[in-house]
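The values are calculated or read from the model by the stated rules, or taken from the named source; none is laboratory data. Predicted, not measured: the structure shown is a model, and the values here were computed from it. Glycine gets a Cβ as well: all are built from the backbone with ideal geometry, and neighbour counts include every protein chain shown. Remember, those area values only see protein heavy atoms, side chains included, never the ligands or the DNA or RNA. Shrake-Rupley method; radii C 1.70, N 1.55, O 1.52, S 1.80 Å.
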Amino acid sequence: MNTITSYLNSNQGCRDTVDSILNTIRSDEHNAVVGTYDHLAAQLADYYDATQSDRPFAGVPIAIKDNLCIQNELVTCGSQILSGYHSPYTATAVQKLLDAGFIPICRTNMDEFAMGSSNETSVYGPVKNPVNPTRVPGGSSGGSAAVVAANLVPAALGSDTGGSIRQPAAFCGIVGLKPTYGRVSRYGLVAFASSLDQIGPMTHTVSDAAALFSVIAGHDPSDATTIEKPVPKLTLNTEQSIQSLAGKRIGVPTALLSDSVIHPEIIQAIRNVLDQLANAGADIIELDMQFFDEAVATYYILAPAEAASNLSRFDGVRYGYRNSQAQTMQTMMQTTRETGFGHEVKRRIMLGNYVLSSGYYDAYYGKAQIMRGELCQQYTKVFESVDAIVSPTTPTTAFELGAHLDPLQMYLADIATIPVNLAGVPAISIPCGTDSQQLPIGLQITGNWFDEAGLLTIAHGIEGLLS
Amino acid sequence: MITPEAIRKLAELSALSVSSADEAVYAQQLTQVLDYMDVLRQHTPLDARISWPIHKETHTRSDHAVNLNGELPQGFHRTRDGFPVPKISTAQS
């Protein structure tokens with residue numbers, strides 16, 4: 001397992017490391033990488049080889065999801081419509097990585113515009129799960145999860161709108177953290193649903209996720225939704241983290257331990273974790289949270305509504321791909337969008353415009369906004385009585401590539417992760433065993449708003465218990 | 001129930017052109033998804049207020065002007081002349 005610490009302790013030169021990774025990427029068969037930052041990575045590696053840098057993560061390679069901008073580099077969001085588009089600026093989160101010494105190595109494959117849960121909607125084709133190449137890696141940050149799981153890099157950045165970091169992390173057996181909405185700047189993240197999107201780290205260990213989180217988090221004047229709060233700098237110690245579990249109040253939504261929703265093998269794995277938590281002195285509290293079906297409906301109204309607006313800018317005029325054969329402006333826009341977007345994106349754009357249209361707005365969008373407010377209130381109330389909420393990350397383990405679930409089935413696969421985005425609270429997925437087919441199972445731990453320190457400490461303690 | 005005709009109008013509203021074969025598929029899929037949304041109609045709401053942006057501090061924080069150029073003083077900012085790092089390498093060679 002290649003961790004950030006292992007790279008920091010390595011005696012290998014940065015340039016050798018970078019060249020080695022780039023060579024491995026070229027022969028990688030998981031289709032997890034859609035482009036490399038050869039020139040940038042080589043320049044940075046040469047710089048760190050030639051100087052004694054005091055940057056804390058000098059020379060550590062990292063992968064970047066294909067919806068995060070780096071100046072003068074391609075960014076395509078896994079879509080035909082952004083083919084050939086070079087960003088004129090760098091995302092704040094990526095800039096902070098550069099400042100800390102990380103070396104961006106490659107762009108990772110993703111569901112088109114982050115819309116999907118299997119990484120099969122990408123224009124580059126599906127990603128194969130490194131644990132079992134016949135399975136999907138999850139989505140939308142499937143490429144980021146796969147490059148970490150395949151040990152190509154120790155860490156990757158992903159983005160999470162409805163579970164897009166945590167679900168692929170669970171499917172690939174790695175750690176994925178979605179910070180509190182407002183913790184990490186979205187400046188330079190190509191928008192899908194602006195009130196839900198959040199950037200986060202994907203790593204092998206909770207310690208690495210904590211380290212990466214402390215680098216990318218913080219207020220940014222370029223993103224008005226970021227919050228000026230101190231960013232915790234965590235030094236996690238396994239023994240202390242395990243000891244700190246004693247007396248912690250751990251909530252468990254009983255609705256997510258029902259075999260009508262969650263696969264029995266996953267329920268068993270979660271119950272094993274709960275037993276170990278109880279043995280470590282934690283109080284396990286059953287929670288009567290009954291909003292999961294409503295949360296999925298709410299999400300699939302609000303997210304497409306925001307996406308319909310955000311994606312209206314891709315019209316062939318300003319970005320990437322254009323159908324230059326069209327005779328009129330309107331035809332050019334329509335045919336560019338028709339051929340530039342995939343089916344899932346078009347379906348969500350039309351769904352978004354439907355729920356926003358006159359006559360349906362109150363019944364769908366207005367109702368969903370009210371439900372979202374109610375869900376936030378329920379989380380507020382729950383966190384008065386618990387320190388964290390534990391649940392499965394996904395209802396199933398990684399499913400077969402090409403299973404062709406219908407859209408509704410695919411949407412319902414996000415039932416455990418979606419409420420977290422709607423409320424804006426932080427959550428992490430960590431591996432907690434495997435099923436009978438040796439496919440990884442993910443444990444989702446949800447924390448209170450801006451309590452990433454508490455969340456990561458609990459996650460680190462559970463990781464210690466399970467190891 | 002979403003009809004293919006409704007899909008045609010939605011596509012126009014969305015600046016998309018959708019083939020007639022796809023219209024039927026989208027109509028069936030959107031109908032299925034919107035049927036599921038009925039769980040919201042059946043839900044009796046609590047006395048909840050609409051809350052977006054999500055955190056109250058987003059509403060209440062006191063913003064002040066910040067010079068973006070000073071925010072990331074250690075940053076590797078590219079310029080028209082390229083990335084600044086090679087200049088250091090060149091100086092050493």
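One equal scatterer on each Cα of the range A:1-116, no solvent, Debye formula: the resulting log10 I(q)/I(0) at q = 0.09 Å⁻¹ is -0.24. Neighbours of A:THR396 by Cβ distance under 13 Å: Lys/Arg scored +1, Asp/Glu scored -1, total -4.
Pairs of alpha carbons in the range A:253-321 separated by more than 18 Å make up 63% of all such pairs. Kirkwood radius for the range A:1-67, taken over all pairs of different Cα atoms as the inverse mean of 1/r, rounds to 12.8 Å. Among the GluC sites (Glu not before Pro) in the range A:196-293, those placed in a DSSP loop whose Cβ has at most 16 other Cβ atoms within 10 Å are A:GLU228.
If each Cα of the range A:4-216 is one equal point scatterer, what is log10 of I(q)/I(0) from the Debye formula at q = 0.08 Å⁻¹? At q = 0.08 Å⁻¹ the computed log10 ratios are -0.22.
Averaged over the residues of B:30-38, the number of partner chain Cβ atoms lying within 10 Å of the residue Cβ comes to 6. Please identify the longest segment of chain A free of exposed trypsin sites (Lys or Arg not before Pro), where exposed means a DSSP state other than H, G, I, E or B and no more than 16 other Cβ atoms within 10 Å. For trypsin sites (Lys or Arg not before Pro) (loop position, at most 16 other Cβ atoms within 10 Å), the longest site-free span of chain A is A:1-232. Extent along the principal axes, Cα only, for the range A:104-212: 36, 31, 23 Å, with the longest axis given first.
Computing FRET efficiency as 1/(1 + (r/R0)^6) for A:SER436 and A:LEU466, where r is the C-beta to C-beta distance and R0 is 22 Å, gives about 0.75. For the pair the range A:176-236 and the range A:8-85, the centres of their Cα atoms are 20 angstrom apart. Compared with the rule-of-thumb size 2.2 N^0.38 Å for a compact globular protein, the protein assembly as shown has a Cα radius of gyration ratio of 0.93. Taking a cut-off of 24 Å between Cα atoms, list the lysines near A:LYS381, but don't count ones fewer than 8 places away on the same chain. A:LYS381 reaches A:LYS178, A:LYS229, A:LYS248, A:LYS367, B:LYS56. Charge tally for B:ARG41 (other residues, Cβ to Cβ under 12 Å; Lys, Arg +1; Asp, Glu -1): -3. For the range A:330-467, taking Cα atoms only, Rg and Dmax work out to 19.3, 60 Å respectively.
The spacing between the range A:413-467 and the range A:116-161, judged by their C-alpha centroids, is 18 Å. Legend: residues A:TYR37, B:TYR36, A:TYR361, sorted from most to least accessible area (1.4 Å probe; ligands, DNA and RNA excluded), read A:TYR361, B:TYR36, A:TYR37. In the range A:4-216, taking the dipole from charged Cβ atoms about the Cα centre, the farthest positive-side position among A:ASN129, A:GLY59, A:GLN43 is held by A:ASN129.
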